[in-house]
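**Q** The following block contains the structure, expressed as C-alpha cells.
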Amino acid sequence: NEYALKDCNLISQISASAGRLSLSKFRFTLPWAQINGDAAILRNRDFSLEGHLAALNITEAERFVLKKQIGWPAVASGSIRINGLLNKSPHDFVVETKLDVTPSTASTPLSGHIQAVFHQTGDIIDLANSQLNFLHTRLALSGRLNDNLRAVFDTTNLDDLLALEQLSNTHLASIQCP
C-alpha cells in the first residue's frame, strides 16, 4: 500500500552528526492529526520516535489507512512510541500507543481508551485494558487481534455493533460469534 501525505507541516530543531539525525521538539501537523515529540535515525537505519498524538480524527485516519470509512466519529489523543528499521522499505516497526478517545459529534458518541501495540512483523495488534463506549454499549478488549482477543461487551442495543462488522470487513480483524 502507498500512502501519500498532503497538506502537512513539520517544524523541528534538527541536529546531525556522523551516524545520527535528530528531530528535537518536532511538531508534525497533518490535516487529521498532530504529533509532537522527539525522533532520531541512528546509523542511517534505526528509527525511533517518542511523542504525543493530538486531535487524531479517527474517521479521517480510517480513510487514510484503511482506504474506507468505518464510521467512528471520534478524536483520539495520547502517547505514541515508534521504533523500526529504515532500509529500502521500512520494516520491523513497532508502534505503541495509549490513547484517550472522545466523541467528535453528539450524534454517534464514542469514547474510551485504547492501549495498543502494533508489530509490523506478522501484522500483529495487541490490545491491553482497552475500552470503547458507544451510545448503548461498553466494549472491553484485551489480547491479540485474530488470535486470542478477549472481548466483553454489555449492550442494550446491538445496532451499536454494526461498526464492528465493518471492521471485520477490513481484514484487520475477524469477528466470529459461537
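**Q** Quick one: in segment 103-155, of everything that is loosely packed, with under 14 Cβ neighbours inside 10 Å and hydroxyl-bearing (Ser, Thr, Tyr), which residue is nearest to residue 49 (Cα to Cα)?
**A** 121
**Q** Considering segment 49-63 alone, what residues qualify as being modelled with pLDDT of 95 or more, under 21 Å from residue 90 (Cβ atoms) and surrounded by 15 or more Cβ atoms within 10 Å (Cβ to Cβ)?
**A** Matches in segment 49-63: 49, 51, 53.
**Q** Counting just the residues of segment 9-31 that are open to solvent by 50 Å² or more (accessible area, probe 1.4 Å) and either touching a residue at least 60 places away in the same chain (Cβ under 8 Å) or of a type in the set (A, V, I, L, M, F, W, C) (or both), which one comes out nearest to residue 123 (Cα to Cα)?
**A** Residues of segment 9-31 that are open to solvent by 50 Å² or more (accessible area, probe 1.4 Å), as a first pass: 9-11, 13-18, 20-21, 25, 27-28, 31.
Okay, now just the ones that are also either touching a residue at least 60 places away in the same chain (Cβ under 8 Å) or of a type in the set (A, V, I, L, M, F, W, C) (or both), so 10-11, 14, 16, 18, 21, 28.
On the way: 10: 28, 11: 31, 14: 32, 16: 32, 18: 33, 21: 28, 28: 25 Å.
Per the criteria, the residue is 28.
**Q** When only residues in segment 156-167 that are open to solvent by 50 Å² or more (accessible area, probe 1.4 Å) and of a type in the set (Asp, Glu) count, which is modelled with the highest pLDDT?
**A** Top of the filtered list is 159.
The values are calculated or read from the model by the stated rules, or taken from the named source; none is laboratory data. Keep in mind that what you see is a predicted model, and the values were worked out from it rather than measured. Note that each Cβ is placed from the backbone with ideal geometry, even for glycine, and that neighbours are counted across all protein chains shown. Accessible surface areas use protein heavy atoms only, side chains included; no ligands, DNA or RNA. Shrake-Rupley method; radii C 1.70, N 1.55, O 1.52, S 1.80 Å.
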